[in-house]
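No value in this document is a laboratory result; all are computed from the given coordinates. Treat the numbers as computed from the prediction; the structure is a model and nothing was measured. Using ideal geometry, Cβ is built from the backbone for each residue, glycine included, and neighbour counts are taken over all protein chains shown.
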Amino acid sequence: SLPASVKIIEVGPRDGLQNEQQTISAGVKIELVNRLSQAGFVNIEAASFVSPKWVPQMATSSEVMAGITRRPGTLYSALVPNMKGFDAALAAGVDEVVIFAAASEAFSQKNINCSIAESVERFRDVARAAKENNVRLRGALSCAFGCPYQGEVSADSVASVVQQLRDLGCDEIDIADTIGVATPRHVQTVMQRAAQEFPIAGLSGHFHDTYGQALANIYASLEVGITIYHASVAGLGGCPYAKGATGNVATEDVLYMMRGLGIVTGIDFDAVVDTGQFISAQLGRKAVSRAGNAMAAK
Ligand code: HMG
Ligand code: MG
C-alpha cells in the first residue's frame with residue numbers, strides 16, 4: 001500500500017532559480033518564497049550560500065532570507081558547500097543547511113571542484129557546526145541514477161556516499177536524479193539499496209524531469225515507501241553544472257497526483273497553481289507544469 005501522507009519540499013526558489021540566466025531581483029524571490037509559505041509547505045529550499053562566481057543568481061541569498069516573512073511551521077533551507085557558506089547561512093537564520101555531494105567523481109569535480117572524499121572532509125566541519133548551532137542537517141546526493149560526464153552510476157556508489165552522509169549526522173538524505181535519466185524499476189532498486197544504509201523515513205526523492213519520467217519515478221518511490229519528495233513550482237530549474245538538465249518535477253503535477261491518490265500533503269493546491277503562474281509571468285514564459293497550466297486555464 002502507498003503512504004497515507006508525504007512531505008513535499010519546495011525547491012523552486014533554489015534549484016529552480018539558480019539556473020536562470022536573467023537576473024531576478026531579491027524582491028521577486030522574496031515574494032515567491034512568501035507565496036509558497038502561505039501555500040503551506042513545511043520546508044522550502046529558499047537560498048544557496050555558494051560562491052557567487054560559480055552561481056551568480058544565488059548571490060542575493062542573504063537579502064532573500066532577511067526579506068521573507070517566516071511562517072511558523074515552515075523550515076527554510078539553504079545549500080552550503082563549505083564553512084564560508086555555513087557562516088553566511090547561520091547569520092541569515094536558515095533552519096536547515098544542505099551539504100551536497102555526488103555519487104559520481106566526475107560530477108563532484110565539475111560541481112564543487114573537489115573529489116567525493118575531499119567534499120566529505122569539507123562537510124565534516126559544516127556538520128559539526130550545524131549540530132553545535134542546532135541547525136538541521138540535510139545531505140543531497142547528486143547523480144544517483146546517472147552522470148552527465150561519467151554515464152552510469154552504480155547503486156553501490158550511491159550506498160557508499162549515503163553511508164558517509166549518514167556518518168556525518170545528516171537528518172535527511174536526498175537521492176537525486178540530477179539529469180532526469182532514471183526510470184521506475186531503477187529508482188526502486190537504488191532507493192531500496194539506500195534504505196539499507198539510512199532509515200527510509202529520512203530518504204527523499206529529488207527528480208528532475210528531463211526525460212519525462214519524474215512522476216513515474218515518484219510513483220515507483222511511493223511503492224517502496226519513500227515519503228519525502230522535492231518539487232519545483234512551475235517546473236523551474238536545472239543545474240548549472242549539468243548541461244541540458246531541465247527543471248525538477250513540477251510541484252503542481254506532484255500535488256495533482258497525490259490528491260488523486262488520496263495522499264495527504266497539507267498544501268493548498270490552488271495557491272501553488274497561482275504561484276506557478278506568478279513566477280512564470282515574472283520570467284516571461286509559460287509554466288512547465290501540465291497540471292498547473294490546465295488548472296490555470298479553467
Ligand atoms: P573553489 O573555486 O574551489 O573554492 O570553489 P575556493 O575556496 O577556492 O573559493 C573561490 C572563491 O569563491 C573565493 O573568492 C572564495 O572566497 C569564494 P575569491 O577569494 O576568489 O574572491 N567562496 C565563496 N563565496 C561565497 N560563499 C561561499 C564560498 N566559498 C568560496 N560558500 C566551491 C568551490 C564549492 C565554493 C564552488 O565550487 C561552488 O560554490 N560550487 C557550487 C556549485 C553549485 O551551487 N551548484 C548547484 C547546486 S548543486 C545542485 O543543484 C544539485 C541538487 O539540486 C541535487 C541534484 O539535482 O543533483 C542539490
Ligand atoms: Mg537538483
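The set of residues in region 22-54 that are part of a loop (DSSP other than H, G, I, E, B), without any contact (Cβ under 8 Å) to a residue 60 or more places away in the chain and within 24 Å of Ile99 (Cα to Cα) comprises Phe49, Val50, Ser51, Pro52, Lys53. Hey, Ser61 hits all of (1) more than 17 Å from Asp125 (Cβ to Cβ); (2) in contact (Cβ under 8 Å) with a residue 40 or more places away in the chain; (3) touching a Phe, Trp or Tyr at 6+ places or on another chain (Cβ under 6 Å) but one; which does it fall short on? Of everything listed in (1) more than 17 Å from Asp125 (Cβ to Cβ); (2) in contact (Cβ under 8 Å) with a residue 40 or more places away in the chain; (3) touching a Phe, Trp or Tyr at 6+ places or on another chain (Cβ under 6 Å), Ser61 misses just condition (2).
The set of residues in region 69-90 that are out of contact with any Ser or Thr (no Cβ under 7 Å at 6 or more places or on another chain) and either crowded, with 18+ Cβ neighbours inside 10 Å or of a type in the set (A, V, I, L, M) (or both) comprises Leu75, Tyr76, Ser77, Val80, Pro81, Asn82, Met83, Gly85, Phe86, Ala89, Leu90.
Take the conditions (1) closer than 14 Å to Ser232 by Cα; (2) within 15 Å of ligand 2 (Cβ to nearest atom); (3) out of contact with any Asp or Glu (no Cβ under 7 Å at 6 or more places or on another chain); Lys29 misses just one of them, which is (2).
Residues considered: Ile30, Ile44. Of these, the only one that is within 16 Å of ligand 1 (Cβ to nearest atom), closer than 21 Å to Val80 by Cα and not charged (D, E, K, R) is Ile44.
Looking across region 96-111, the residues that are among the small types (Gly, Ala, Ser), within 16 Å of ligand 2 (Cβ to nearest atom) and either in a helix (DSSP H, G or I) or closer than 19 Å to Cys170 by Cα (or both) come down to Ala101, Ala102, Ala103, Ser108.
Contact map, region 70-95: first residue within 14 Å of Ala127 (Cα to Cα) and outside any loop (DSSP other than H, G, I, E, B), second residue polar (S, T, N, Q) and within 16 Å of ligand 2 (Cβ to nearest atom), Cβ cut-off under 7 Å, separation 6 or more or different chains; pairs are Ala78/Ser48; Leu79/Ser48. Quick one: in region 235-263, of everything that is under 20 Å from the mean Cα position of the chain (by Cα) and more than 16 Å from ligand 1 (Cβ to nearest atom), which residue is surrounded by the fewest Cβ atoms within 10 Å (Cβ to Cβ)? This residue is Met257.
I'd like the full set of residues that are within 15 Å of ligand 1 (Cβ to nearest atom) and assigned to a loop (DSSP other than H, G, I, E, B), limited to region 1-21. Once the filter is applied, which keeps residues that are within 15 Å of ligand 1 (Cβ to nearest atom) and assigned to a loop (DSSP other than H, G, I, E, B), region 1-21 yields Val11, Glu20, Gln21. The residues of region 198-220 that are within 15 Å of ligand 1 (Cβ to nearest atom) and within 17 Å of the chain's Cα centre (by Cα), listed by number, are Leu203, Ser204, Gly205, His206, Phe207, His208, Asp209, Thr210, Gln213, Ala214, Asn217, Ile218.
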